[in-house]
Amino acid sequence: MKNPHISRRTFSVLGVAAAMSVSLGVSGCGGPATAQAGSGAPEVTELRYEGSANSVSLPELAEDLGYLGNVKLNWVGNTISGPASIQSAATGATDFGGAFSGAVVKLIEAGAPVTAVINYYGEDEKTFNGFYVKDDSPIRTPRDLIGKKVAVNTLGAHSDAVLNSYLKKNGLSQDEIKQVQLVVVPPNDTEEAIRRGQVDVGVLGGVLQDNAVAKGGLRSLFSDFELFGTFAGGQYVLRKDFIQQNPETTKIFTTGVAKAIEWERTTPRDEVIARFTSIIEKRQRNESTATLKYWKSVGVPDKGAITDQDFSRWSDWLKDTGIVTGDITPSKYYTNEYNGLLKASS
């Protein structure tokens, strides 16, 4: 487990200097432009990206289903967090990255030249992030969290904002909220950290959550779905110069992801799991497919369409943590222009 004494307020601005140093001339690694804008053919045919072990991302699914056409993905490794993923995109290390909405705001407010183009994860009644304690834990109410350790995968991201919103909604002051200590723990290690008492609470989502709950001995304190209902949690971002220089590739990527969202939503669960299993086995990265059986839903609403509320939902947290000092203008963080499914249904 990483340093258990990290304060919830020590999360610094993500590589601002590195992000700001990106040349506006940077483009995708697929080589020089091969098509004229507006021709429908991709300007570049390769997109560098970071994946996630033992799971299949929407772009990976889109490629496997043929939704990206001639555009191919080039895996350069696995990401350690959403904020790190979008920083990689901002600095030109990759061509796209995805993170929690608040982290996207943080990076853009710091001056990074990126734009969100589609939602890629979300919460619903089947797929959500829960805050779990041991069955015999004395923690029952929001106020019981004062002075306790909560395991999250990254500071300044989704779970941080959800917890802050939960505590504030239930009447805790900012001074009291600051006494709830966030501890950085990799998602794969969170369950054991809870069971061993290394932390008092841990955030679990997706297959890791279902696997842990199936073993018994854990109890849910609350979930982000219980707090907000169905909502989009984060977006894929691309650099502004990449979008400007490669509009057709951007449209192919964004629309392909939207199609993958709808494919997951409308395809029988067993078929989705079988497809994920096939993709993981074919790429031969020494991964496990054991937890895929717990997959439930894509969680992303409305073809991945981004709305102002996807960002304004976190306004209080953004202000409380000092990421922004005044009201935000959500429209400056995203565009739906390249999501072809939205245009087709309008």
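The values are calculated or read from the model by the stated rules, or taken from the named source; none is laboratory data. Bear in mind that the values here come from a model prediction, so they are computed numbers and not experimental data. Virtual Cβ from ideal backbone geometry, glycine too; neighbours counted across all protein chains shown. Heads up: the accessible areas ignore ligands, DNA and RNA and are worked out on the full protein's heavy atoms, side chains in. Shrake-Rupley method; radii C 1.70, N 1.55, O 1.52, S 1.80 Å.
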_Selection within the stretch 249-265 - open to solvent by 30 Å² or more (accessible area, probe 1.4 Å) and not β-branched (V, I, T)_ = K251, K259, E262, W263, R265
*asked:* Can you list residue pairs whose Cβ atoms sit under 9 Å apart, with the first residue in the stretch 123-135 being closer than 19 Å to G234 by Cα and at pLDDT below 90 and the second being among the aliphatic types (A, V, I, L, M) and not in a loop (DSSP other than H, G, I, E, B)? Count only pairs 6 or more apart in sequence or on different chains.
replied: E123/A232
*Filter result for G217 (open to solvent by 10 Å² or more (accessible area, probe 1.4 Å), among the small types (G, A, S) and in contact with a helix residue (DSSP H, G or I) (Cβ under 7 Å, 6 or more places away or on another chain))*: yes
_Breaking point among (1) more than 19 Å from Y338 (Cβ to Cβ); (2) small (G, A, S); (3) at pLDDT 55 or above, for G25_ = (3)
*Residues being of a type in the set (D, E, K, R), touching a helix residue (DSSP H, G or I) at 6+ places or on another chain (Cβ under 9 Å) and either on the phi > 0 side of the Ramachandran plot or open to solvent by less than 60 Å² (accessible area, probe 1.4 Å) (or both): count how many of those fall in the stretch 131-148.*
0
_helices (runs of 4 or more DSSP H) enclosed by the stretch 240-329 - at least 1 residues per element that are touching a strand residue (DSSP E or B) at 6+ places or on another chain (Cβ under 8 Å) and within 22 Å of N70 (Cα to Cα)_ = 240-245, 247-266, 269-283
*Check F222 against each of (1) open to solvent by 40 Å² or more (accessible area, probe 1.4 Å); (2) of a type outside the set (A, V, I, L, M); (3) touching a strand residue (DSSP E or B) at 6+ places or on another chain (Cβ under 9 Å) and name the one condition it does not meet.*
(1)
